[in-house]
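Trainee: Dropping a structure here in structure tokens format, bear with me for questions.
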Amino acid sequence: MTFDQMLESVRYEGAYPTRERAAEAVHHVLAALGRRLTGQERSDLARCLPVEAALTLTAQIPDPQPVTGWGFVKDLAARTGATPATTRWDTGAVLAVVGRLAGPDLVTRILCRLPDGYALLFGRAELPRPQPAAA
């Protein structure tokens, strides 16, 4: 998929009035995800994205402080000056397309690396994580 095709997919998914609004959402959400995602999953996701999107993702320095999915949305809203509701909408629109590009296996690996709450942002049901057995 080219970056232009990605923008059109996000524009459709988010019902954005312009390509520019879709591009803004893509850059904000991928930059925020780039601050949260590390390791092999980050590299693998970058390889699935168009070059422009991959550069936005990988240009960010990962933040070692984990945040939940809701914390991700609140942080992004604070950085962009948007409302949490608008930011949640943008995040869902962008990550729906990113999830299709990445495929279900990679999205599952990404979700395993992130704290609770991100599955909903990718359009998946949030399933409880198995707890380690007590010794």
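Trainee: Compute the accessible area per residue over the chain, keeping the other protein chains in place, probe 1.4 Å, unit Å². It would help to have the intermediate numbers written out before the result.
Mentor: Details: 7290 Å² over 135 residues.
That works out to 54 Å² per residue.
Trainee: Pull out the extension gain between Glu52 and Lys74, defined as 0.36 nm times the separation in residues minus the alpha carbon to alpha carbon distance; nm, one decimal. Show your work: numbers first, answer last.
Mentor: Values: separation 22, 0.36 × 22 = 7.92 nm, distance 2.49 nm.
Extending this stretch completely gives an extra 5.4 nm.
Trainee: May I ask you to order 41-49, 74-82, 21-29 by the average number of other C-beta atoms within 10 Å around their residues, highest value first? Please report the intermediate quantities before stating the final value.
Mentor: Working: 41-49: 17.6, 74-82: 15.6, 21-29: 21.3.
Highest-to-lowest ranking by the protection proxy: 21-29, 41-49, 74-82.
Trainee: Follow-up question, since we're still on this one. Percent of Cα-Cα pairs more than 19 Å apart in the chain, please. Spell out each step's value before the answer.
Mentor: Values: 4157 of 9045 pairs.
Above the 19 Å cut-off, the chain has 46 percent of its Cα pairs.
Trainee: Could I ask something else about it? What are the radius of gyration and Dmax of the range 43-122, computed over its Cα atoms and given in Å?
Mentor: Rg and Dmax of the range 43-122, Cα atoms, are 12.4, 33 Å.
Trainee: If you put +1 on each Lys and Arg Cβ and -1 on each Asp and Glu Cβ, how big is the dipole of the range 22-135 around its Cα centre, in Debye rounded to 20?
Mentor: Numbers: 12 positive and 10 negative charges, 27 e Å.
My answer is approximately 120 debye.
Trainee: What is the sum of charges, Lys and Arg at +1 and Asp and Glu at -1, for the other residues whose Cβ falls under 15 Å from the Cβ of Thr38? Please report the intermediate quantities before stating the final value.
Mentor: Values: positive: Arg35, Arg36, Arg42, Arg109, Arg113; negative: Glu41, Asp44, Asp63.
Residues near Thr38 contribute +2 overall.
Trainee: May I pose another question? Give the Cα extents of the range 1-60 along the principal axes, in whole Å, largest first.
Mentor: 35, 20, 16
Trainee: Test of understanding: express the Cα radius of gyration of the range 42-88 as a ratio to 2.2 N^0.38 Å, with N the residue count. Present the calculation step by step, with values, prior to reporting the outcome.
Mentor: Values: Rg = 12.5 Å, N = 47, 2.2 N^0.38 = 9.5 Å.
Taking the Cα Rg and dividing by 2.2 N^0.38 Å, one obtains 1.31.
Trainee: Ignoring ligands, DNA and RNA, what percent of the 1.4 Å accessible area of the range 1-69 is carbon and sulfur?
Mentor: On the way: 1950 of 3520 Å².
After summing per-atom areas, the C and S share lands at 55 percent.
Trainee: Hey, another quick one. Quick one: length gained pulling Gln40 to Glu20 fully straight, 0.36 nm per residue minus the C-alpha distance? Don't skip to the answer; put the middle values down first.
Mentor: Working: separation 20, 0.36 × 20 = 7.20 nm, distance 3.07 nm.
The Gln40-Glu20 span can extend by a further 4.1 nm.
The values are calculated or read from the model by the stated rules, or taken from the named source; none is laboratory data. Quick caveat: nothing in here was measured; it's all calculated off a predicted structure. We place every Cβ from the backbone using ideal geometry, glycine too, and count neighbours over all the protein chains shown. Remember, those area values only see protein heavy atoms, side chains included, never the ligands or the DNA or RNA. Shrake-Rupley method; radii C 1.70, N 1.55, O 1.52, S 1.80 Å.
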